[in-house]
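Data block below; observations after.
The values are calculated or read from the model by the stated rules, or taken from the named source; none is laboratory data. Being a predicted model, the structure only gives us computed values, none of them experimental. Here the Cβ positions follow ideal geometry from the backbone for every residue, glycine too, while neighbour counts run over all protein chains shown. Just the protein is used for accessible areas: all its heavy atoms, side chains included, with ligands, DNA and RNA removed. Shrake-Rupley method; radii C 1.70, N 1.55, O 1.52, S 1.80 Å.
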There are 2 protein chains.
Amino acid sequence: MVMAQVALPSWNDGAAKQRIVAFVEQVTNPSSPAFVPAAQRIATFDNDGTLLPEKPVFVQTAFMQKRVAELVKENPKLGELPAFQVFLERDPYYRQRMSKEELIHLVLTTHSGMSEEQFQTSAQAFLAEAKHARFGRLYTQLAYQPMLELMDYLKAHGFKVYICTGGGTEFVRTFAEELYGVPPEQVIGTPIELEFSITNGKPGFRYLNSFAAPFNNKKHKPMNIQRIIGRPPIIAVGNSDGDIEMLKFADAQAAGLAILLRHDDAVREYAYEEGAKGALASAKEHNWLVVSMAGDFARLFPGDSSEPSLPAPVAAALMLESLAYP
Amino acid sequence: MVMAQVALPSWNDGAAKQRIVAFVEQVTNPSSPAFVPAAQRIATFDNDGTLLPEKPVFVQTAFMQKRVAELVKENPKLGELPAFQVFLERDPYYRQRMSKEELIHLVLTTHSGMSEEQFQTSAQAFLAEAKHARFGRLYTQLAYQPMLELMDYLKAHGFKVYICTGGGTEFVRTFAEELYGVPPEQVIGTPIELEFSITNGKPGFRYLNSFAAPFNNKKHKPMNIQRIIGRPPIIAVGNSDGDIEMLKFADAQAAGLAILLRHDDAVREYAYEEGAKGALASAKEHNWLVVSMAGDFARLFPGDSSEPSLPAPVAAALMLESLAYP
């Protein structure tokens, strides 16, 4: 119980924090019936909306906007495609009408035709300068402080922490090590196909115009966890319907904890249930740990005070404004 | 230099051992220009022929033979297929005429239609009883002792050791942790497609009748290393033409060591160059470290004395005999 006060300082003392600490104490205590050897302590975290804000757009969508601008500069004809016009802010309302094929084409066009080094350079330049529309900070300054502490707390207790995201493997790897302390081999995402070549003795990869595996979402999360890790997570953390299968996978282990972050904080972040209704229903049915951003997080972003930073009506107005972003 | 005598006791003191020890000392010495931070010390080992004998057949081929017998017992009609007859030892010579499609069908049929647990049980039962045709020992007693020591030596110097094999990911995982101390998340192979389901609250995987990714061989080794690890190996160890691209990948790093094991030991194992001629030529061209099984390994299998166990002509005769195995 002393531990519970020292650990996770940006979590309010409450049922959520207590349940996490109690779970970790059980699985790490060799004399507990729920003990899990260190090699089997796998934790998997979703990324967008779980570790970083996903509103008004995913950070990778903001990166795509930058890439669209670059590509149109090189090849103005591309700017005539309706999907590209969305990102050039010429026709933001086309977004709702965009087909799946157009979206895939957009993702592939903005992520391919580059060497791995060029991709990294482009993504890192974006991350070094692009600021979140509402918060006015770099995306890498917007990881939820309580989640950073949870990852550190788990690592300190022998857990191997993975990111398991629908986002691009190569994109998330450009910041996961510095931001989360998660090395590239612990990032599972949706990979762009690549080709290997050796030119003048220098080996390299080039991203091709296709995906190397299906979208890492829903059932593909447990499938890829099995394929790449080969062990189930005993803690899984998510925030949306795309995480349901991964959360069930963890929850169904002999000792397993499924954590669902609920975005109910219009003051400091956003309040929404779209895309998470199925997950919230599953959480209720299976008694998963639902973490309330408003109630359980004492501090949201690194460096914030532990008080809400804006009066609720101001924040709500800002949220509506930023959600109008393409 | 004192280190070199303590480390790698089953390696003869010679140029190969010296080059390995010198390389590891350089990349782990913070004041060396070749220093590599621990997080980037990735080593990748091929499996068949690099860590275990691959003659007369791969261990997984012997497993397939057991599975063929089981499947034919359940469904005798399967035994009429020519590819199955090879494994029933009714028509061993058909093997040379077997098409790629027949081989793929055989691999998929013997590895699918089972849950993950059933597959593990089957593979572990095989490994617990099947003995190598020539050596009369369990396959898990035939890991090359010098390679086990090399893996331990690298781990003790902060390396993360991966298996990167053409063999089935799920098959190699059934023994990699116990035999090599390599956990499942550090086994990269050719994965069988799987499906995820939750039945009565219990999550599980079932192997389907297809591969989830291309054969992890040749250029697919670096591609899968990039996709799964996201960092290049600075040491790669192989023995055949299927390892050339992986060896080039390691060799071309600023500090990189490519190691090719040469099977030139008809006395204690086998002497052959088939399937390795391209790799041997590349090794010569690029000055890779060629390790001679006959000359560099003081002891071959765990528990062996450090003297060759059989006179050369006897061993050669045994080799010919065992190569006639299907």
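General observations
- Taken over the stretch A:81-102, the residue count meeting the criterion of being under 21 Å from A:Leu208 (Cα atoms), surrounded by fewer than 14 Cβ atoms within 10 Å (Cβ to Cβ) and modelled with pLDDT under 90 is 1.
- Index of the failed condition, A:Arg299 passing every other in (1) of a type outside the set (S, T, N, Q); (2) at pLDDT 95 or above; (3) open to solvent by 30 Å² or more (accessible area, probe 1.4 Å); (4) part of a helix (DSSP H, G or I): (4)
- Of all residues in the stretch A:278-293, one or more are more than 14 Å from chain B (Cβ to nearest Cβ), assigned to a helix (DSSP H, G or I), touching a residue at least 24 places away in the same chain (Cβ under 8 Å) and touching a Lys or Arg at 6+ places or on another chain (Cβ under 7 Å).
- Residue check for B:Thr109: farther than 30 Å from B:Val267 by Cβ and in contact with a strand residue (DSSP E or B) (Cβ under 9 Å, 6 or more places away or on another chain): yes
- Boolean, A:Val107 is open to solvent by less than 20 Å² (accessible area, probe 1.4 Å) and either under 26 Å from A:Leu142 (Cβ atoms) or in a helix (DSSP H, G or I) (or both): no
- Any chance A:Glu274 is more than 10 Å from chain B (Cβ to nearest Cβ) and in contact with a helix residue (DSSP H, G or I) (Cβ under 8 Å, 6 or more places away or on another chain): no
- Residues of the stretch B:4-27 classified as in contact with a helix residue (DSSP H, G or I) (Cβ under 8 Å, 6 or more places away or on another chain) and either within 14 Å of chain A (Cβ to nearest Cβ) or of a type in the set (Val, Ile, Thr) (or both), total: 3
- Among the residues of the stretch B:112-122, just one is out of contact with any strand residue (DSSP E or B) (no Cβ under 9 Å at 6 or more places or on another chain) and within 14 Å of chain A (Cβ to nearest Cβ), namely B:Gln120.
- Close contacts from the stretch B:31-48, counting a first residue that is in contact (Cβ under 8 Å) with a residue 60 or more places away in the chain and within 14 Å of chain A (Cβ to nearest Cβ) and a second that is of a type in the set (Lys, Arg) and open to solvent by 30 Å² or more (accessible area, probe 1.4 Å), with Cβ to Cβ under 6 Å and a gap of 6+ residues or different chains, come to B:Ile42/B:Lys160.
- Hits in the stretch A:187-213 - residues which are touching an Asp or Glu at 6+ places or on another chain (Cβ under 7 Å), free of Cβ contacts under 8 Å to residues at least 60 places away in the same chain and in a strand (DSSP E or B): A:Phe196
- Among the residues of the stretch A:214-230, those that are open to solvent by less than 40 Å² (accessible area, probe 1.4 Å) and either in a helix (DSSP H, G or I) or at pLDDT below 95 (or both) comprise A:Lys221, A:Pro222, A:Met223, A:Asn224, A:Ile225, A:Gln226, A:Ile228, A:Ile229.
- Which numbered condition A:Thr44 misses (of (1) crowded, with 16+ Cβ neighbours inside 10 Å; (2) under 22 Å from the mean Cα position of the chain (by Cα); (3) outside any strand (DSSP E or B)): (3)
- Number of residues in the stretch B:180-231 that are hydroxyl-bearing (Ser, Thr, Tyr) and within 9 Å of chain A (Cβ to nearest Cβ): the value is 1.
- Among residues of the stretch B:55-80, those that are touching a residue at least 24 places away in the same chain (Cβ under 8 Å), open to solvent by 20 Å² or more (accessible area, probe 1.4 Å) and part of a loop (DSSP other than H, G, I, E, B), counted: 3
- Residue that is touching a residue at least 40 places away in the same chain (Cβ under 8 Å) and either open to solvent by 10 Å² or more (accessible area, probe 1.4 Å) or not in a strand (DSSP E or B) (or both), where the choices are A:Glu273, A:Glu177, A:Glu269: A:Glu269
- Leading residue by the ranking (nearest to the other protein chains (Cβ to nearest Cβ)) among those in the stretch B:134-151 that are touching a strand residue (DSSP E or B) at 6+ places or on another chain (Cβ under 9 Å), open to solvent by 10 Å² or more (accessible area, probe 1.4 Å) and under 23 Å from B:Ile234 (Cα atoms): B:Glu149
- Scanning the stretch B:233-251 for residues that are open to solvent by less than 40 Å² (accessible area, probe 1.4 Å) and within 12 Å of chain A (Cβ to nearest Cβ) yields B:Pro233, B:Ala236, B:Ile244, B:Met246, B:Leu247, B:Phe249, B:Ala250.
- Of the criteria (1) buried (at least 18 other Cβ atoms within 10 Å of the Cβ); (2) over 19 Å from the mean Cα position of the chain (by Cα), which one A:His157 fails: (1)
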